[in-house]
1. Tilt of helix 2-81 relative to the longest C-alpha principal axis of the chain, in degrees (0 to 90, nearest 10)?
2. Under the rule of -39500 (n - 2.57) per DSSP H run of 4 or more residues, summed and divided by the residues of the chain, what mean residue ellipticity at 222 nm is obtained, to the nearest 500 deg cm²/dmol?
3. Restrict the search to the chain; then list the GluC sites (Glu not before Pro) that DSSP places in a loop and that have at most 14 other Cβ atoms within 10 Å of their Cβ.
4. Send over the Kirkwood Rh of the chain, from the inverse of the averaged 1/r over different Cα pairs, rounded to one decimal Å.
5. Quick check: from the Cα gyration tensor, does the range 1-44 come out rounded (a/c under 1.5), prolate or oblate?
6. Need the full-extension length gain, N21 to E41, defined as separation in residues times 0.36 nm minus the C-alpha distance. One decimal, nm.
7. Given S62, L29, Q43, which one lies farthest toward the positive end of the charge dipole of the chain, if we put +1 on the Cβ of every Lys and Arg and -1 on the Cβ of every Asp and Glu?
8. Enter the accessible area per residue of the range 4-82 (Å², integer; probe 1.4 Å; all protein chains in place).
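The values are calculated or read from the model by the stated rules, or taken from the named source; none is laboratory data. Just so it is clear, the model here is predicted, and its values are computed rather than measured. Cβ: placed from backbone, ideal geometry, glycine included. Neighbour counts: every protein chain shown. The accessibility values were calculated without ligands, DNA or RNA, using every heavy atom of the protein model including side chains. Shrake-Rupley method; radii C 1.70, N 1.55, O 1.52, S 1.80 Å.
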Amino acid sequence: KRGLENSLGDARHWHDVELQNLGSVVAKLEAELNDVRSEIEQQRHDYDVLLSNRQRLEQDISLYHGILDGEENRFLLCGAMQ
């Protein structure tokens, strides 16, 4: 009986040790997951900023193309009149 009680005590001890180890692994993985989530959120923000910049640049380019086309047409009209 004493041998079985000792074995049971050892099993409980090792079970507790394994639970602590697994708890540490889970805590580490949760911390890594939080880091990944933070990085994803930062990348999403950076992407939104870049997309906004791109849209603004495309609008500016379109505006400048319109100005250049207008100047070209004005130049051609002046040349045709002479």
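1. 0 degrees
2. Mean residue ellipticity at 222 nm (helix-derived): -37500 deg cm²/dmol.
3. Answer by residue number: there is no such site.
4. 19.6 Å
5. Verdict is prolate for the range 1-44.
6. The N21-E41 span can extend by a further 4.2 nm.
7. L29
8. That works out to 95 Å² per residue.
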